[in-house]
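Below is one structure; the comments refer to it alone.
Every number here is computed from the coordinates shown, using simple stated rules; none is lab data. Since we're looking at a predicted model, the values are computed, not measured. Here the Cβ positions follow ideal geometry from the backbone for every residue, glycine too, while neighbour counts run over all protein chains shown.
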Amino acid sequence: MVIGYTRLIPKGAGNKPPAGDATAGTHAAPQVRRGAPQGAGKQFSRHRIWEASLAALVTLGVLWVILYAQPAKVRHRHVLVISIDGMRSDTYLRPLPGLHIPNLLRLKQQGSFADGMIVVYPSLTYPSHTTMMTGKLPAQHGIYTNLSSRVPGKDAKDWFWFSHAIRCPTVWDVARRHGLTTASIGWPVTAGADINWDVPEIWNPAIGRVPEPMYVAKFMNPIFALQALGAVGLPKANEDDDDLRIALARYVIQEHQPNLMLIHLVDLDAMQHQYGPGSPQAVQVLNSEDHRIGEILAAYQKAGLGKNTDVFIVSDHGFVKVHRIILPNKLFVKAGLLSADAHGNITGGRIDTVSNDGSFFIYWPPHRHLGRAVYRAILPLLERHLVWAVLGRNALKALGADPNARLALDAPSGAMFDSSAKGPLVSSCPTKGSHGYLPFRPGLEASFIAWGPGIKSGVDLHLIRETSIASTILKALGIIDPKFGDTPPLQDIWKRPAARPHHPHA
Ligand SMILES: [Zn+2]
């Protein structure tokens with residue numbers, strides 16, 4: 001996939017919007033001068049020019065005030081969102097032996113927290129992070145799974161990296177519209193987004209999901225990419241991905257002081273897939289992530305923002321242990337609904353399938369009437385109890401899941417799916433942890449901690465919905481927009497009175 005710089009550079013990226021827009025206003029005057037009548041006398045012409053210029057400046061000034069000007073207290077608000085990918089909420093509710101997470105526990109004790117956050121279906125990184133930024137479920141925001149293509153052989157390994165796939169307004173869109181500055185380090189689905197300082201999460205699908213900063217830089221604003229590389233230096237070989245993300249975040253906080261800062265840390269997810277949740281390796285990474293949270297909070301103090309920054313620690317899903325792997329595509333190949341090459345890669349067929357680890361989505365065009373054939377094909381899974389739940393279109397609709405999927409299989413406890421068609425239908429699993437299931441099962445609860453000058457201490461929210469995160473972030477920024485997202489901001493966690501709605505129809 002070749003994508004030119006011009007399409008990827010966010011509008012005004014690297015500039016502070018209010019100043020940039022004010023400058024644009026003064027640049028508009030020569031346009032008016034060029035439009036003055038040609039044959040008029042010098043005095044008259046100057047008078048008309050002066051009048052026209054003044055009118056243009058006043059109009060632009062009024063427009064600027066309407067579009068961007070915010071009360072000073074709103075402009076001075078800052079919100080930090082750190083997503084620890086795959087962090088179960090029991091991490092801070094019932095810390096395991098060996099866990100040393102003083103920062104997380106302090107934020108939880110001094111702030112508000114949830115016993116668990118119920119995420120989206122499938123409980124995957126990209127749909128979930130997008131829900132936290134839009135307040136909408138996947139059916140509405142359009143990031144249905146991690147993979148952006150389900151057509152075999154066509155961009156088969158591409159994920160939803162690009163923000164243009166999001167079909168509704170995001171938190172960063174609304175913040176920018178209110179004249180606030182935004183930054184993102186590794187937050188999913190931000191490549192090409194209208195974010196002032198964005199380091200998107202993206203990798204070369206030909207190589208796989210390995211940190212490759214020079215590849216990522218191709219999808220950044222080139223000036224910001226040069227500045228960031230200059231500040232943190234060229235990454236060393238095998239440099240830890242999260243360490244690099246923290247170094248970039250510290251640079252952006254110090255240099256640009258964005259109103260909204262999004263940080264996505266990924267080491268825990270990788271470790272839990274490999275060794276399982278609760279493993280000594282996962283505990284060790286959690287200790288490191290806690291240390292990194294401390295480093296970011298220190299960066300806010302150093303930048304003089306400690307007193308007006310509200311902090312949200314979230315995650316996109318929990319994790320469960322697995323020991324078996326199931327290959328539904330084997331049955332579809334056997335039934336003639338799919339074809340596969342010698343390596344077990346799907347090459348085509350009458351249906352499409354997407355494995356989400358814990359769940360497995362099946363697609364076919366309605367006019368093909370393949371429902372019976374698909375059910376007949378998966379019968380061995382049902383007979384051998386290799387499926388926990390089969391969800392039809394109505395169930396998927398109620399969950400706000402992919403509207404194109406005709407059927408979804410949810411894996412039984414201790415098992416996960418894979419898209420390969422090579423090997424036994426069920427076998428022991430090379431990885432030890434998984435997610436992607438229906439979000440209600442124990443262990444999949446995601447995390448939520450809120451802390452800061454605007455947040456009350458000691459509030460236990462019990463269970464919350466992921467759709468409430470986006471409006472909650474906006475409220476912390478001083479923005480209440482009743483038309484944004486599906487769920488109002490969380491209640492009872494706020495110290496200050498509610499900000500006045502900015503929406504004209506509120
Ligand atoms: Zn994740």
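Structure notes:
- For Ser163, net neighbour charge (Lys/Arg +1, Asp/Glu -1) across residues whose Cβ lies under 10 Å away: -3
- Charge tally around Arg441: other residues with Cβ under 14 Å, Lys/Arg +1 each, Asp/Glu -1 each, net -2.
- FRET efficiency, Leu463 to Ala398 (Cβ-Cβ, R0 22 Å, nearest 0.05): 0.75
- Dipole magnitude (debye, nearest 20) for segment 73-149, charges at Cβ of Lys, Arg, Asp, Glu: 420
- Each of Trp187, Trp388 has some number of other Cβ atoms within 10 Å of its Cβ, and from fewest to most they run Trp388, Trp187.
- Separation of the alpha carbons by more than 18 angstrom is noted, of Lys307/Lys495; Lys321/Lys397; Lys236/Lys432, for Lys321/Lys397; Lys236/Lys432.
- Ordering of 130-138, 94-102, 359-367, 376-384 by burial proxy (mean other Cβ atoms within 10 Å per residue, highest first): 130-138, 359-367, 376-384, 94-102
- By the count of other C-beta atoms within 10 Å, a proxy for reagent exposure, Lys108, Lys218 are ordered fewest to most as Lys218, Lys108.
- Net charge, Gly358 excluded, C-beta distance under 15 Å - Lys, Arg +1, Asp, Glu -1: -2
- Gap separating the Cα centres of segment 378-427 and segment 189-224, nearest whole Å: 33
- Electrostatic dipole magnitude of segment 250-308 [Cβ: Lys, Arg +1; Asp, Glu -1; Cα centre; debye, to 20]: 240
- Stretch gain in nm, segment Asn287-Lys154, where the contour uses 0.36 nm per residue and the Cα spacing is subtracted: 43.9 nm
- Positive-end residue, segment 335-466 charge dipole about Cα centroid, Cβ charges, pick of Pro365, Ile464, Trp388: Pro365
- Where the alpha-carbon atoms of segment 321-434 are placed on the principal axes, they occupy 38, 35, 23 Å, in descending order.
- Dipole axis of segment 321-434 (+1 Lys, Arg; -1 Asp, Glu on Cβ), positive-most option in Tyr375, Gly344, Gly423: Tyr375
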